[in-house]
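**Q** I am attaching a structure below and will ask some questions about it afterwards.
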Amino acid sequence: MNAISPCRLLLSLLTLLLSACASAPKLEQSGFTSPVALAPVREDSHARIDRYLEPSMLAAARSIAPPQVLPGIDLADPAISVEQSALVANRAARDLCRRLSSHFLIVRDEPAADLRIELQPIGMRATGRGAAGFSALADIVVPGPFRLPAGLGGLAMAARITAADGQPVMVETWSRGANAVTDNPQISSIGDAYQLAGTYARELARVLTTAGFDTNAPRPRLAQDQIKAGRALCQERFGAASMAGRGAAWLLPLAPEAIDDGAAKADDVSIGDDAEDE
């Protein structure tokens, strides 16, 4: 019998890990009612998205108010506290606001905005802290990304976007389970949900900035001073995670609670140009 080559063994292990995704949390009914029917745009074992979208109305919009975060409904996981759920939701709203600020004017007053965005966590699965801790320790001595495909968490979010006259522009439910390769182990029950909140914001921002536009004629970026002013409003509302802490989290299994204080305090606003872009 031929021996299995190291390269083939490594490839088999990588394939196993890439397929090691937690199942998506069950999509519960969101706290707001939708006047429109949602259509599935993605549906598999570890991710599901249902959406209603009016591309022409979205393309016509030029300004938004900072997202409003609705309290999470029954998340059905006793390992996640109300405060932790709020931290995850705040991260999603912060990242979405900053990403949208490159293409939409961020206005302080909702009545003056073309669009109003509401976000709500509707499902979270806790990360197994024991498995995450073991994976973090193993990652120090095992070359390349390593994480046990066990104890993976998940996140489900709902979004409702309405025009100034109250008409629905977009309604979406989004659910995803963590991946053993792409999501770093963090020793916190919201370690995966917090990371997935960033993924959610990135995917939602991509839809909001591209829908109704042609690939060859995308939505234009704003002037730099407008972007900076918008990001200032985003930080005023949602705060900012420690940049040093976020950098260290790539090497150490730091809990989100250790690097992110959540919504901003009055004297804690300092704006830079380090926000993520699409």
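The numbers here are math on the coordinates, done by the rules we state, and not lab data. On a predicted model such as this, the values are computed, not experimentally measured, just so you know. Cβ coordinates were reconstructed from backbone atoms using ideal geometry, including for glycine residues, and neighbour counts include every protein chain displayed.
**Q** Multiply the residue separation of Asn216 and Ala164 by 0.36 nm, subtract the distance between their alpha-carbon atoms, and state the gained length in nm to one decimal.
**A** Stretched fully, the Asn216-Ala164 segment lengthens by 15.8 nm.
**Q** Another question about this same structure. Search the structure for amide H atoms under 5 Å from the amide H of Ala264, placed 1.01 Å from N in the peptide plane, and list their residues when 5 or more places away or on another chain.
**A** Sorted by chain and number, the residues that satisfy this are Phe238, Gly239.
**Q** Okay, next question. Can you put Ser85, Ser189, Ser63 in order of Cβ neighbours within 10 angstrom, beginning with the fewest?
**A** Fewest-to-most ranking of Ser85, Ser189, Ser63: Ser63, Ser85, Ser189.
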